[in-house]
Amino acid sequence: MLWITGGPGCSSISGILFEIGPIQFKAAPYNGSLPSLIPRPHSWTETASIIFLDFPVGTGFSYAKTTHGSHTTDLQSSDQAYEFMIKWLGNHPQFIPNEFYVGGDSYSGIPVPIITQLISDGNGAGIEPCINLKGARMQWELKLHCQIYNRIISLVKSMLPQDAVLPDDFYNRIFRDICLTVIDSKHIETLEKNIVETLCKLEKIFPPSFFDSMEHLPIHLAYEARVGGPEQYR
């Protein structure tokens with residue numbers, strides 16, 4: 001399996017240590033020493049050989065040799081991932097017969113199907129080595145996004161005067177609109193613009209420490225719907 005952690009830009013080390021890898025940090029009070037690693041029960045690596053890829057370029061230990069090479073799109077990065085797998089299997093031919101899956105979570109719900117399609121197209125075009133593609137595994141986490149924002153809005157409301165007005169209706173519209181059966185591209189482009197402005201308004205009220213990467217996830221949601229289609233179909 002080829003595994004791509006979301007973000008975009010989260011290092012694959014997070015997939016190894018916090019998601020499906022064979023090891024994890026041992027929970028213990030901090031005593032000034034380095035953390036200890038322990039085996040993870042029911043790791044996916046018990047049943048599959050997994051390549052945790054730092055994707056796109058610039059993520060984790062991956063790098064580009066030129067400034068131009070460090071700027072990529074989802075399509076370019078997916079093409080690079082496919083090229084990587086072709087070269088890797090060429091150097092490790094003993095794995096070519098193995099069943100192959102592409103997997104990922106969160107934002108990788110965009111590149112995973114692209115990479116899967118590239119592999120299928122490459123096999124059809126006779127590109128060697130032929131990858132024994134069997135499927136894809138995506139953990140999109142829309143439910144998690146909704147849960148995060150429900151908690152955020154509840155927390156924000158509890159910290160402000162009762163007559164304060166928050167853009168929570170705007171968030172509700174985002175999750176409604178990205179799940180429509182038919183996506184209106186112009187409307188989605190408007191959402192992309194408005195979500196940034198809405199977060200900026202919230203950041204005028206709360207300090208930067210209040211916001212982490214999870215609170216900023218909706219910045220990507222409208223773009224993902226425009227590129228990948230309705231959320232529930234991905």
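The values are calculated or read from the model by the stated rules, or taken from the named source; none is laboratory data. Note that the coordinates shown come from a computational prediction; the quantities given were computed from them, not determined experimentally. We place every Cβ from the backbone using ideal geometry, glycine too, and count neighbours over all the protein chains shown.
A few remarks follow.
- Test: residue in the range 106-115 that is touching an Asp or Glu at 6+ places or on another chain (Cβ under 6 Å), aliphatic (A, V, I, L, M) and over 16 Å from Ser11 (Cα atoms): yes
- Looking only at the range 106-119, and only at residues there that are in contact with a strand residue (DSSP E or B) (Cβ under 8 Å, 6 or more places away or on another chain) and touching a residue at least 24 places away in the same chain (Cβ under 8 Å), the one that is surrounded by the fewest Cβ atoms within 10 Å (Cβ to Cβ): Pro113
- Qualifying residue in the range 10-25 (condition: loosely packed, with under 14 Cβ neighbours inside 10 Å, assigned to a helix (DSSP H, G or I) and within 22 Å of the chain's Cα centre (by Cα)): yes
- Screening Gly103, Gly122 for residues that are in contact (Cβ under 8 Å) with a residue 40 or more places away in the chain, buried (at least 18 other Cβ atoms within 10 Å of the Cβ) and more than 14 Å from Met1 (Cβ to Cβ) leaves exactly one candidate, Gly122.
- Spans of strands (runs of 3 or more DSSP E) in the range 34-148 with at least 2 residues under 19 Å from the mean Cα position of the chain (by Cα) and at pLDDT below 90: 100-105, 133-139
- Any chance Glu99 is of a type in the set (Asp, Glu) and within 19 Å of Ala48 (Cβ to Cβ): yes
- In the set Ser36, Ser12, only one residue is within 23 Å of Leu221 (Cα to Cα) and assigned by TED's automatic domain parsing to the domain that holds Tyr107; that residue is Ser12.
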